[in-house]
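Asks: The structure under discussion is supplied below as structure tokens; questions concerning it will follow.
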Amino acid sequence: RWPYPLLGALCAVLRFELAAATGPGLITALSPTSITVDHATVITLTGTFQTGDLATLALTGDCGTATPDVDASSGSPTFTVTATGTYDFCYRANGQADSIAQTGLSVAAVAATSATAIVSSDPTSASINYATEITIDGASSGQTAIFAPTGTCASATPNVDISGGSGTFTLTATGVHDLCLRASGGSDSIAQTNAATQVTGVAVTSATAITAISPTSITQNRASLIALTFSGTADSGDLAGFASVGNCATHSPAVDVSSGSGTFTVVTTGTFDFCFREASGSDSVQQTFASPALTVVAATTAGAISAISPTSITAGQATTITFTGATTGDLALFATTGTDCTTALSSGTPIDIGSGTASFTLGSTGTYDLCFRATGMTDAHKQTSVSLTVQAATAATLITSISPSSVIVGVATTLQFGGTSTGDLADFMADGGDCSTITPSTDVSSGGSAGMASYTISSSGTYQLCYRQNGGTDSVKQTSVSITAVLASVAGSDPVAVLGNVRREFNLPLGVMTPLMVAPDMTISGATFQGSGPWEQWFDRMVVRSADGLRWMEVAIRKDLLSFNRSAARRNTFDSLKVTLGGSRPPDLDVMTEVQTLDTTIPFDILGADVAFRRVRRDHHTQFASIGRARRECVDFVGGYLHFYICSAGAWEYHGWQRHLSIKFAHLDLVVHEAQNLTAVTGLLPELWGLQPLSEKAAAYVLEQKTAAAGKQASPAELPQNGSEEKSAACPGAGWAGGTVPVCVSPDGVAAEKGAIVV
């Protein structure tokens with residue numbers, strides 16, 4: 001019989017003998033493979049390692065007598081060797097007592113980097129946060145370097161290759177920086193002790209150090225003295241230069257301007273930025289007082305002034321004219337065509353155009369020559385490349401009409417002007433302002449046709465038209481016209497059309513399909529049903545028909561929403577909408593099919609529009625995402641003129657103890673999200689919104705027209721959110737018609753943008 005203690009010991013021995021030895025291929029790669037002696041270096045391992053694994057470095061062939069004692073379980077152990085040479089990587093797996101050299105892995109240990117290897121650095125100062133090329137005297141192959149604040153080299157990682165004797169460095173802090181060097185194959189970082197190797201980081205040159213230069217125009221290939229205006233004081237070592245526009249960063253300023261001026265020679269004509277480098281810096285910073293800051297022109301000739309702008313001005317109107325080619329001291333005046341320029345300058349009062357611009361007032365209409373005298377000259381030359389036309393002032397009654405005369409704040413609106421000519425410019429300003437203080441810039445033919453242009457007015461109020469006739473330089477208030485910009489405001493019972501502070505309550509024949517909007521590429525019609533009484537209507541069906549009338553889509557609200565059971569519905573089918581596609585004309589239908597699922601693709605050719613189906617999600621900016629148990633859904637249409645969507649909605653005014661009525665009276669809402677050339681869209685809604693003249697037929701639907709809420713316009717920020725039980729517009733800045741609280745979701749289900757038109 002074996003005693004129990006002896007049996008246990010025997011089992012332990014057997015277990016030890018059966019355990020596998022450390023494999024030679026557990027670690028497959030090391031990084032780095034070269035380190036510095038007497039420098040603790042982290043080596044990253046690739047391979048299989050676990051808790052309890054140990055490692056060490058031993059001279060080649062000595063792993064068998066080495067004792068791994070460095071924890072390698074993290075995969076990034078730290079080693080320090082004390083002698084140069086080549087070392088095997090010795091490994092001991094957890095629980096083992098061996099020391100196994102890992103196949104193909106070795107580490108070279110090199111001598112520590114010398115602290116006097118580098119003699120000097122040049123330059124010895126550099127702008128921070130700016131890549132600077134620095135020459136390193138004493139560099140050799142394989143060396144890397146970095147500049148670090150004095151005393152911090154030990155924690156720095158030299159990573160710039162200086163094998164070629166230089167490197168590009170970016171200092172990130174001001175102050176003195178040591179040159180930290182790492183010898184080829186090393187892993188240390190040694191501060192160089194020669195003082196000449198240090199580089200001082202200086203602040204970046206200010207972009208506003210120079211506030212002006214004079215002159216701002218010089219002659220090509222001519223040494224020109226240019227005076228600088230400093231925001232502070234000039235310092236010894238300040239440098240400057242000119243570079244083509246936008247290229248100061250790659251320019252190297254070389255002209256000493258420490259005296260407050262410098263002599264520059266630019267060999268090419270064109271426009272240039274002014275580049276500046278403050279003393280001790282290494283950067284090149286564009287000075288922002290002007291871009292371009294300098295114009296370089298060819299030598300003075302009869303064509304010295306190559307262009308003027310504008311080339312046509314208004315009689316009696318002081319106008320600033322820009323001269324291309326003018327230099328400091330140049331003089332000029334305009335004389336009627338055919339006048340001898342020498343005589344004109346001798347007898348007249350020439351104006352200094354050396355800055356490149358000057359103001360002229362000419363009292364008589366006609367054509368004028370530019371008589372020019374270059375700086376330092378006594379003669380005068382007619383400039384053969386330019387002439388000036390002076391025309392009569394813009395009439396205050398030139399524009400006779402504007403249509404429409406009312407616009408929605410924040411909505412781009414194309415206006416039609418009566419009385420325009422090609423090239424005329426016009427802009428609006430608040431009524432009572434001085435038109436002479438603005439410069440009209442909108443081409444009144446930029447709206448796609450002569451006399452049409454698009455404007456977006458940002459605030460409500462009355463606006464006057466400031467007008468400039470083609471070729472003029474004035475800005476004249478047109479006394480016969482104005483426009484009104486209005487915010488959306490809300491009031492009252494159902495249905496109602498509201499625009500600004502005017503509302504129109506209206507009723508449509510129940511169940512009768514009525515054209516709501518007619519665009520050149522499609523027609524949108526709708527039919528209403530009665531709510532709790534004759535005072536209350538909503539849309540329950542809408543039809544979108546192609547331009548030729550042969551293809552259509554009907555969107556209807558489902559009538560079984562009170563009893564709707566979603567669990568019985570198939571996946572991705574419509575909950576609250578019924579969508580039908582048809583061809584030909586009802587009732588003689590050639591084809592009619594019901595769209596079953598929201599992921600159905602509708603070919604563009606059917607309606608001449610992109611069509612998509614979406615659900616309103618709870619995480620979107622809407623209070624109600626369902627009607628009872630049925631989810632709300634939208635059909636999104638994008639045509640050539642209108643971008644709109646038709647959505648299901650509950651009668652939210654009944655939400656609460658009358659919730660069943662909000663489901664019973666579920667209906668359709670129409671949101672016009674974007675419009676191109678809204679003046680081309682006709683129908684009932686554009687007339688009720690005031691975007692088209694109100695026809696007799698549309699007027700017959702109107703029950704009441706009055707000012708909303710004591711004449712107060714609602715600011716978009718003041719309007720309640722969608723789904724509020726208050727009677728208000730849910731879409732800020734919108735004109736709308738229909739129920740008290742229209743749906744206000746975008747094609748993605750989020751709140752409609754300011755300027756949408758909602759039904």
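Asks: Show the residues, 5+ positions off or on another chain, whose built amide H is closer than 5 Å to the amide H of Asp53.
Replies: Ala72, Ser73, Asn94
Asks: Still on this model: Which of (i) -0.93, -0.98, -1.16; (ii) -1.00, -1.25, -1.38; (iii) -0.77, -1.21, -1.70 is the computed log10 I(q)/I(0) by the Debye sum over Cα atoms at q = 0.08, 0.10, 0.12 Å⁻¹ for the structure on display?
Replies: (i)
Asks: Then there is this: Give me the percent of the accessible area of the range 208-250 that comes from carbon and sulfur atoms, probe 1.4 Å, all protein chains in place. List each step's numbers first, then the result.
Replies: Working: 1030 of 2060 Å².
Its accessible area is 50 percent carbon and sulfur atoms.
Asks: If you find the alpha carbon centre of the range 600-671 and of the range 375-442, how far apart are they in angstrom?
Replies: Each part's Cα centre sits 46 Å from the other's.
Asks: Another question, if that's okay. Hey, if you put +1 on the Cβ of every Lys and Arg and -1 on every Asp and Glu Cβ in the chain, which of Ala519, Ala556, Gly608 ends up farthest toward the positive end of that dipole?
Replies: The Cα lying farthest towards the positive end belongs to Ala556.
Asks: What does the charge add up to near Ala156, with Lys and Arg as +1, Asp and Glu as -1, over the other residues with Cβ less than 14 Å from its Cβ?
Replies: -1
Asks: Quick one: if the Förster radius is 41 Å, what FRET efficiency do Ala203 and Ala83 give, using the C-beta to C-beta distance and rounding to 0.05? Show your work: numbers first, answer last.
Replies: Working: r = 47 Å, r/R0 = 1.13.
The computed FRET efficiency comes out at 0.30.
Asks: Quick check: pseudo-label points 7 Å beyond the Cα along Cα→Cβ at Asp379 and Ser259, how many nm apart are they?
Replies: Placing both labels 7 Å beyond Cα along the Cβ direction yields 3.4 nm.
Asks: Rank these by accessible area, largest first, 1.4 Å probe: Lys697, Lys578.
Replies: On the way: Lys697 135, Lys578 95 Å².
Of Lys697, Lys578, the descending order of accessible area is Lys697, Lys578.
Asks: Keeping all protein chains in place and using 1.4 angstrom, which order do Thr349, Thr324 fall into by accessible surface area, from largest down? Please report the intermediate quantities before stating the final value.
Replies: Working: Thr349 115, Thr324 65 Å².
Largest accessible area first, the residues go Thr349, Thr324.
Asks: Oh, and also: For Ser121, tell me the accessible area in Å² from a 1.4 Å probe, rounded to the nearest 10.
Replies: Here the residue's solvent-accessible area equals roughly 10 Å².
Asks: Helix-derived [θ] at 222 nm for the chain: sum -39500 (n - 2.57) over DSSP H runs of at least 4, divide by residue count, nearest 500?
Replies: Details: 6 runs with 43 residues, N = 759.
Rounded to the nearest 500, it is -1500 deg cm²/dmol.
Asks: Further question on the same structure: If you put +1 on each Lys and Arg Cβ and -1 on each Asp and Glu Cβ, how big is the dipole of the chain around its Cα centre, in Debye rounded to 20? Present the calculation step by step, with values, prior to reporting the outcome.
Replies: Details: 36 positive and 60 negative charges, 473 e Å.
The dipole magnitude comes to about 2280 debye.
Asks: Oh, and also: Each residue of the range 193-200 in order: what ³J(HN,Hα) in whole Hz does its phi give by Karplus 6.51 cos²θ - 1.76 cosθ + 1.60, θ = phi - 60°, with x for Gly and Pro?
Replies: 8, 5, 4, 5, 8, 6, 10, 9
Asks: Taking the Cα centre of the range 557-676 as the origin, how large is its charge dipole in debye, to the nearest 20, when only Lys and Arg (+1) and Asp and Glu (-1) carry charge on their Cβ atoms? Before the final figure, lay out the partial values.
Replies: Working: 16 positive and 14 negative charges, 158 e Å.
Computed charge dipole of the range 557-676: roughly 760 debye.
Asks: Expected output is a single nm value to one decimal: the length gained when fully extending between Ala173 and Ser244, i.e. 0.36 nm times separation in residues minus the C-alpha distance. What is it? List each step's numbers first, then the result.
Replies: Details: separation 71, 0.36 × 71 = 25.56 nm, distance 3.00 nm.
Length gained, Ala173 through Ser244: 22.6 nm.
Asks: Just the number please: accessible area per residue for the chain, 1.4 Å probe, all protein chains included, in Å².
Replies: Values: 33690 Å² over 759 residues.
Spelled out: the 1.4 Å probe surface of the chain, per residue, equals 44 Å².
Asks: If a/c stays under 1.5 just call it rounded; otherwise compare a/b with b/c (prolate if a/b is bigger, oblate if not). Do that for the range 612-673, with a ≥ b ≥ c from the square roots of the Cα gyration tensor eigenvalues.
Replies: On the way: a/c = 2.66, a/b = 2.00, b/c = 1.33.
Since a/c reaches 1.5 and a/b is larger than b/c, the shape of the range 612-673 is classed as prolate.
Asks: Of the options Thr365, Thr82, Gln537, report the single residue whose Cα projects farthest towards the positive end of the charge dipole of the chain (beta-carbon charges: Lys, Arg +1; Asp, Glu -1).
Replies: Farthest towards the positive pole: Gln537.
Asks: How high is the relative contact order of the chain, given as a whole-number percent (alpha carbon pairs under 8 Å, six or more residues apart)?
Replies: Values: 2015 pairs, mean separation 53.0, N = 759.
In percent, rounded to a whole number, it is 7.
Asks: Ignoring everything but the protein chains, give the 1.4 Å probe accessible area of Glu687 in square angstrom, nearest 10.
Replies: It works out to around 30 Å².
Asks: I've got another one for you. Provide the solvent-accessible area of Lys559, counting protein heavy atoms only and rolling a 1.4 Å probe, rounded to the nearest 10 Å².
Replies: 150 Å²
Asks: Rounded if a/c is under 1.5, else prolate if a/b beats b/c, else oblate: with a ≥ b ≥ c from the C-alpha gyration tensor eigenvalues square-rooted, which is the range 105-227? Provide the component values of the computation, followed by the final result.
Replies: Numbers: a/c = 3.22, a/b = 2.47, b/c = 1.31.
Taking the square roots of the gyration eigenvalues as a ≥ b ≥ c, the range 105-227 is prolate.
Asks: Just how large is the dipole of the range 267-373 about the Cα centre, in debye to the nearest 20, putting +1 at every Lys and Arg Cβ and -1 at every Asp and Glu Cβ?
Replies: On the way: 2 positive and 7 negative charges, 23 e Å.
Using only the charged Cβ atoms, the result is roughly 120 debye.
Asks: Pick out, from Thr342, Thr193, Val481, the residue whose Cα sits farthest towards the positive end of the charge dipole of the chain, with +1 on the Cβ of Lys and Arg and -1 on the Cβ of Asp and Glu.
Replies: Farthest towards the positive pole: Val481.
Asks: Take a quick pass over the chain and tell me how many lysine pairs come in under 25 angstrom between Cα atoms, counting only ones 8 or more apart or on separate chains.
Replies: 10
The values are calculated or read from the model by the stated rules, or taken from the named source; none is laboratory data. What you see is a predicted model; the values in this text were computed from it and never measured. Cβ atoms come from the backbone with ideal geometry, glycine included; neighbour counts cover every protein chain shown. When the accessible area is computed, the model is the full protein with side chains, heavy atoms only, and any ligands, DNA or RNA have been set aside. Shrake-Rupley method; radii C 1.70, N 1.55, O 1.52, S 1.80 Å.
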